[in-house]
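The values are calculated or read from the model by the stated rules, or taken from the named source; none is laboratory data. All values reported here derive from a predicted model rather than from experimental measurement. Every residue, glycine as well, gets a Cβ built from its backbone with ideal geometry; the counts of neighbours run over all protein chains shown. To get the accessible areas, we keep the full protein, side chains included, count just its heavy atoms, and leave off ligands, DNA and RNA. Shrake-Rupley method; radii C 1.70, N 1.55, O 1.52, S 1.80 Å.
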Amino acid sequence: MNAQPGLRERKKQQTRQLIAATARRLFVERGFDGVTVADVARAADVAPKTVFNYFPTKEDLFYSRLEAFEEELLAAVRERAPGATVLSACRDYLLAQRGVLAMKSPGGDDEATRQIQAITRVITESPALLARERQVFARYAESLAALIAEETGAAPHEVEPRAVANALLGIHRALIDYSRQRALAGAPASQIARELRVQEKRAFARLERGLADYAVKET
């Protein structure tokens, strides 16, 4: 049984969650570039130093959940059942995450649609956030490649583990891009969720089959 965190740790978690939630609200209201760390600190009723103690950069305030995503993805691969592939572990984890995101908002589909559109606009209108996102996903790929290399006994310089890691995470990136395009086009959140499930299953099925017979040029 996992030990419950102590009072001090719980208070730190609550403070971190408060700061992150406050920052995301302000970013949606004013845009990422229209909010300073001092604005976030003031709205959360903490000192700017406290914000930096939890989030080293302003971009980390927005992407506060990405660290947990990386840890959970690697854990899903590392702890998969005997006989299961890296592909199936990544697929099952990402499908489960997509299922959580697809859960109905308390405010209904209209509210969920407004939320995804607002968050999408914040990201796509900020070069700083887009750059930070690329850095984060590059780190994901390196971490996953290192785990795959460790399990398969590949040498650090070998290309295959990195190719596999980038292919798997490439599906995730492509799905994010797809959802943003559909959100900006005005598609309802429930429709986007349904489309993502179809696209995700097709993409992973293609990786499972391989590329030998894909997009063969006709004579």
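Numbers at a glance
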{"item": "Qualifying position, being out of contact with any Leu (no Cβ under 7 Å at 6 or more places or on another chain) and open to solvent by less than 60 Å² (accessible area, probe 1.4 Å), among 180, 173, 209, 197", "result": "180"}
{"item": "Residue ID - farthest from residue 90 (Cα to Cα), chosen from residues in region 137-158 that are among the acidic types (Asp, Glu) and part of a helix (DSSP H, G or I)", "result": "150"}
{"item": "Residue within region 112-122 that is loosely packed, with under 13 Cβ neighbours inside 10 Å and at negative phi present", "result": "no"}
{"item": "Enumeration of residues in region 152-186 that are among the hydrophobic types (A, V, I, L, M, F, W, C) and in contact (Cβ under 8 Å) with a residue 24 or more places away in the chain", "result": "164, 165, 167, 168, 169, 171, 174, 175, 183, 184"}
{"item": "Matching entry among 81, 118 (being at pLDDT 90 or above and more than 17 Å from residue 183 (Cα to Cα))", "result": "81"}
{"item": "Helices (runs of 4 or more DSSP H) contained entirely in region 1-92, each with at least 2 residues that are open to solvent by less than 30 Å² (accessible area, probe 1.4 Å) and touching a residue at least 24 places away in the same chain (Cβ under 8 Å)", "result": "7-30, 37-44, 58-62, 66-78"}
{"item": "All positions within region 154-170 that are of a type in the set (A, V, I, L, M) and open to solvent by less than 90 Å² (accessible area, probe 1.4 Å)", "result": "154, 155, 163, 164, 165, 167, 168, 169"}
{"item": "Filtered residues of region 106-134 (kept if touching a residue at least 12 places away in the same chain (Cβ under 8 Å) and either in contact with a strand residue (DSSP E or B) (Cβ under 9 Å, 6 or more places away or on another chain) or within 11 Å of residue 32 (Cα to Cα) (or both))", "result": "119, 121, 122, 123, 124, 125, 126, 128, 129"}
{"item": "Condition met for residue 212 (at pLDDT below 95 and either out of contact with any strand residue (DSSP E or B) (no Cβ under 7 Å at 6 or more places or on another chain) or outside any loop (DSSP other than H, G, I, E, B) (or both))", "result": "yes"}
{"item": "Filter result for the condition that a residue is exposed (fewer than 12 other Cβ atoms within 10 Å of the Cβ) and either over 27 Å from residue 139 (Cβ atoms) or more than 20 Å from the chain's Cα centre (by Cα) (or both), over 189, 185", "result": "185"}
{"item": "Evaluation of residue 134 against (1) surrounded by 13 or more Cβ atoms within 10 Å (Cβ to Cβ); (2) assigned to a helix (DSSP H, G or I) (one fails), failing number", "result": "(1)"}
